[in-house]
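Colleague: Can you keep this structure in mind? I'll have questions shortly.
The values are calculated or read from the model by the stated rules, or taken from the named source; none is laboratory data. As the structure is a computational prediction, the values presented were derived from the model and not from experiment. Note: ideal-geometry Cβ built from the backbone for every residue, glycine included; neighbour counts use all protein chains shown. Protein only, heavy atoms only, side chains kept; ligands, DNA and RNA dropped before computing areas. Shrake-Rupley method; radii C 1.70, N 1.55, O 1.52, S 1.80 Å.
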Amino acid sequence: MRSLRPPNVVVVGGGPAATELGFVLREQHGAGVALTYVVPPARDRALPLPAAEPFSAVRRRAQELPAVVAALGARLRSGRVVAVDGDRHRVILADGGVLPYDVLVLAPGAQAQPVFESATLTLYGEPGPAATERVLTELRRGDVTRPLSFVVPPGVTRALELYELAVLTGMEARGRAPGAQLRLFTPEPAPLSRFDGLARATMAGLLAEAGVAVVSSAPVFEAIDGRPRIGAVRTLLGDDRIVTLPVLRGPDLRGVPATPDGFIPIDDHGAVLGMEDVFAAGDATTCPVKHVDVACSQASTIADVLALNSGITEIAPGPWSADVHEHRLDEHGLGPLLYDRLGAATCR
C-alpha cells in the first residue's frame, strides 16, 4: 500500500465494524483523515441482524448512524454499492455515482435469508430478553408435550445466538412452562465446536442444566413438501414447533473476490486478498464466527494498519482475533470463547 497522509478513506456500511473503524481512526489520526460512509437508502436496507452494544459512553449516546457520522466529523453518502473498480480506486453505486478512494474498507454486513417456511419463529436479531419472551409465549400457547426445537440450519449463521436462546429459554421454562420439551439440532459436532474445549464443555453443561436435549451433527433441511428432515436419512422432525435463524450470505460485490456464498476473503490484517488498498471487516468476510467482537477486532486491526502506513506509528499491528468476549451467558458461567485454530476451520 502507498503511504498516504492524509488518506481518503471510504467505508461501505454503517454497522459495528464500520463505526468501530471510524472511532479508532479518529483516535489515531484526529482530523487528518477524510472519512466517508456509504450506506444504502433506508428503503433498501436489509432486515437488521443482531446489533452491537456500544463500547463507550459516546457510542451509547450515538444510537443512529447520522449521529455517529457527525460525531466523527465524517461525510455520509446514501447509495447502494454494486461494484468496486480496484484499478481506478473507485466505488460504483447503483444510481450511477462514483466515489474515488485512497483506502476502501468494505463492511456492508451480510444478507439474512430465511430457511424454513414452516418455522414457528425465525429470529432476526431481536434483543435477547424479547426473543426469550417470544419463545416462552409460544411454549405457553400450546400443548407443552409438543416439542419445541431450536434448529441451527446448515450454512453460515449466528449459531451462538440460538445456543444462548436455548439455554435461557430452558432456564425460564422450568418455572413458567413446566413439562416443556426442548430440543436443539445443530450441524456442528457439538455446540461451539469452533471454540476451545472449555467453552464447548461449559455450553454442554448449561444446555443439560436447562433441560435442552442436544442432537449434534444433525443438519436439518426442509424438503419440497415443506416438512423439515434431519440429514441424509431424511428423518422427519415431526410436529415440532421450530425456532431457527436465517442463513447468511455475503455481499458478492462485482470486482471484489468472493466465495461461492458471497463472502470476502481477507488476510490476518483485514486486507482483501488480491486487491490493493482494499480491506474488509465484519459479517461480510469469510470468518465463520459472525459476532460484534470479531467485527470490531478486524476494524481495529485495519485502523492500526492504516496508522502504520501513514507513519503515525512504527508498531506493526498484530492479527485480528476471532475470540468472543461478550455474550449473554457470561453470568451463567460461560467465559470468553477462544477460537480454536487447531480444532476448527480457519477464519482466514
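Colleague: Rank-order 13-26, 322-335 by packing density, defined as the average count of other C-beta atoms within 10 Å over each peptide's residues, highest first.
Modeller: With the highest mean Cβ count within 10 Å placed first, the list reads 13-26, 322-335.
Colleague: Among PRO178, LEU148, LEU136, whose Cα projects farthest towards the positive end of the dipole of segment 74-201, with charges put on the beta-carbon of Lys, Arg (+1) and Asp, Glu (-1)?
Modeller: Going by the charge dipole, the pick is PRO178.
Colleague: Only Lys, Arg, Asp and Glu count, each charged at its Cβ (+1, +1, -1, -1), so figure out the dipole size of segment 195-348 about its Cα centre, rounded to 20 debye.
Modeller: Dipole of segment 195-348, to the nearest 20 debye: 620 debye.
Colleague: Separate question: From the backbone phi of segment 100-109, what are the Karplus-calculated ³J(HN,Hα) couplings (6.51 cos²θ - 1.76 cosθ + 1.60, θ = phi - 60°) in whole Hz, Gly and Pro given as x?
Modeller: Working through the residues one at a time gives x, 9, 8, 10, 10, 10, 9, 9, x, x Hz.
Colleague: A further question follows. When you count, for each residue, the other Cβ atoms within 10 Å and take the mean per peptide, how do 290-301, 258-269 rank with the highest first?
Modeller: Averaged packing, sorted descending, gives the order 290-301, 258-269.
Colleague: Rank by packing, highest mean first: peptides 161-172, 205-216, with packing defined as the count of other Cβ atoms within 10 Å averaged across residues.
Modeller: 161-172, 205-216
Colleague: What are the ³J(HN,Hα) values, in whole Hz, obtained from phi via the Karplus relation 6.51 cos²θ - 1.76 cosθ + 1.60 with θ = phi - 60°, for each residue of segment 255-272 in sequence order, with x given for Gly and Pro?
Modeller: x, 10, x, 7, 6, x, 9, x, 7, 9, x, 10, 9, 5, 10, x, 6, 6
Colleague: Compute the acute angle (0 to 90°) between the alpha-carbon long axis of helix 292-309 and the principal axis of greatest extent of the alpha-carbon atoms of the chain; round to the nearest 10°.
Modeller: It is inclined by approximately 20 degrees.
Colleague: Using the Cα centre of the chain as the reference point, and only Cβ charges (+1 on K/R, -1 on D/E), how large is the resulting charge dipole? Debye, rounded to the nearest 20.
Modeller: Dipole size: approximately 600 debye.
Colleague: Ignoring ligands, DNA and RNA, what percent of the 1.4 Å accessible area of the chain is carbon and sulfur?
Modeller: Carbon with sulfur: 53 percent of the solvent-accessible area.
Colleague: Run lengths n ≥ 4 of DSSP H only: what is the helix-derived mean residue ellipticity at 222 nm for the chain, with -39500 (n - 2.57) per run over all residues, to the nearest 500?
Modeller: Helices in the chain give a 222 nm mean residue ellipticity of -8000 deg cm²/dmol.
Colleague: Right, something else. Please name whichever of ALA307, TYR124, GLY274 sits farthest to the positive end of the charge dipole of the chain, dipole taken about the Cα centre and charges placed at Cβ: Lys and Arg +1, Asp and Glu -1.
Modeller: TYR124
Colleague: Another question, if that's okay. With a 1.4 Å probe and every protein chain left in place, work out the accessible area per residue of the chain in Å², rounded to a whole number.
Modeller: 44
Colleague: Under the rule a/c < 1.5 gives rounded, and otherwise a/b versus b/c splits prolate from oblate, where does segment 267-340 land using the Cα gyration tensor?
Modeller: Prolate is the answer for segment 267-340, as a/c is 1.5 or above and a/b outweighs b/c.
Colleague: Pairs of Cα atoms under 8 Å, at least six residues apart: use those to get the relative contact order of the chain, whole percent.
Modeller: 21
Colleague: What is the antiparallel percent of DSSP beta bridges lying wholly in the chain, to the nearest 5?
Modeller: Roughly 35 percent of the beta bridges in the chain run antiparallel, per DSSP.
Colleague: Take the chain, connect every pair of alpha-carbon atoms lying under 10 Å apart with a spring to form a Gaussian network, then pick out the residue of ARG75, ARG141, ARG254 with the largest mean-square fluctuation.
Modeller: ARG141
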